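J.: My questions will all concern the structure given below.
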Amino acid sequence: MPPWTDRLTRRNLLQGLGAAAIGAAAGTAAHGFMYERFQIEVTERTLDVAGWPSSLAGLRIGFLTDLHRSSTVSHEMIAGAVDLVMARNPDLVIVGGDYVTNHDRRFVQPAADALARLSAPNGVFAVLGNHDDDRDVPAALQAVGFTVLRDARTQISVRGEPIDIAGIRYWTHRMADITRVLRGASPTLLLVAHTPKRLIEAAALSVPLLLCGHTHGGQIVLPGIGAIAAREFPIIAGAARRDNTTVFVSRGVGTVYVPVRVNCPPEVAILTIQPLSV
């Protein structure tokens, strides 16, 4: 029989950890519910990317993900995250999925409304997460001017250089399907995938830059134990490299299953892209 942790879903773990935190450390849980989950940090990070052209050095990407608009994640919280990104004037904006929780259609339009102020000189691009449906969410995002990439790729020109931006749905994981999306892309390629599990395929295909969310950074990170609910992922949060692929995984904005964050504040990211020195 497999270990008990293998039989638990991420939802069960987060719910159990939330209950344990409330029972064993009420002060910590109360802080995570009433304070920490609202304290959105701005993570400013420079990413060194293999093959990135020197003419595009210093390109700035605003990245936010895992909004989870719901009864516990308000319009004001998401609008505040948007304000933090917009105040830093990125060259382009990426939104990484999970606009609502559990496909709740009541919050699809409110989520789009909260994000509507996002804009950038080179566009706003979005992918879908596992909590998003394949019809209502894309339509709402397109109506506010976002380019929604559902197993698709588009090309933009920045400073006279082509950049390919590809986005895959959470449910797309077969190597053949990802290869089809990326076939014919320029060497300056950004792949957006909701889950960092796609790092395996991205590295195998030598994708230069991968942006992900989904993990919430663990959402509940216990001292001495870590992010139990996110151990299945190759990267839980932050930046890393695998072979020729640079990846950044955001902790996200909202919460899921339990409205608590412990030692894991929400974030938006401003990513400055530089050529990797070899």
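J.: Counting only other residues whose beta carbon sits under 15 Å from that of residue 108, what net charge do I get with K and R as +1, D and E as -1?
T.: Net local charge, residue 108 excluded: -3.
J.: Sticking with this one: Looking at segment 144-204, which trypsin sites (Lys or Arg not before Pro) are DSSP coil and have at most 11 other C-beta atoms within 10 Å of their C-beta?
T.: Listed in order of number, the matching sites are 174, 183.
J.: Assuming R0 = 25 Å, what is the FRET efficiency of residue 171 and residue 45, from their Cβ-Cβ distance, to the nearest 0.05?
T.: 0.30
J.: At a threshold of 8 angstrom on Cα-Cα distance, excluding pairs fewer than six apart, so keeping six or more, what relative contact order does the chain reach in percent?
T.: Once normalised by length, the contact order is 29 percent.
J.: In addition: Can you give the calculated 222 nm mean residue ellipticity of the chain, where each DSSP H run of n ≥ 4 adds -39,500 (n - 2.57) and the sum is split over every residue, rounded to the nearest 500 deg cm²/dmol?
T.: -7000 deg cm²/dmol
J.: Write down the percent of antiparallel bridges among all DSSP beta bridges whose residues are both part of the chain, to the nearest 5.
T.: 35
J.: GNM on the chain, C-alpha springs below 10 Å: top fluctuator among 209, 59, 141?
T.: The residue with the greatest mean-square fluctuation here is 59.
J.: Quick one: if you stick a label point 7 Å off each Cα along the C-beta vector at residue 105 and residue 242, how many nm between them?
T.: About 3.7 nm separates the two model spin labels.
J.: Please report the net charge: other residues with Cβ closer than 11 Å to the Cβ of residue 253, K and R +1, D and E -1.
T.: 0
J.: Using only the alpha-carbon atoms of segment 4-275 as identical scatterers, what base-10 log of I(q)/I(0) does the Debye formula give at q = 0.10, 0.13, 0.16 Å⁻¹?
T.: -0.47, -0.80, -1.22
J.: Local charge sum around residue 264 (other residues, Cβ-Cβ under 11 Å, Lys/Arg +1, Asp/Glu -1)?
T.: Computed value for this residue: 0.
Here, each number is a calculation from the coordinates, and none is a lab measurement. Predicted, not measured: the structure shown is a model, and the values here were computed from it. Every residue, glycine among them, receives a Cβ derived from its backbone with ideal geometry; neighbour counts consider all protein chains shown.
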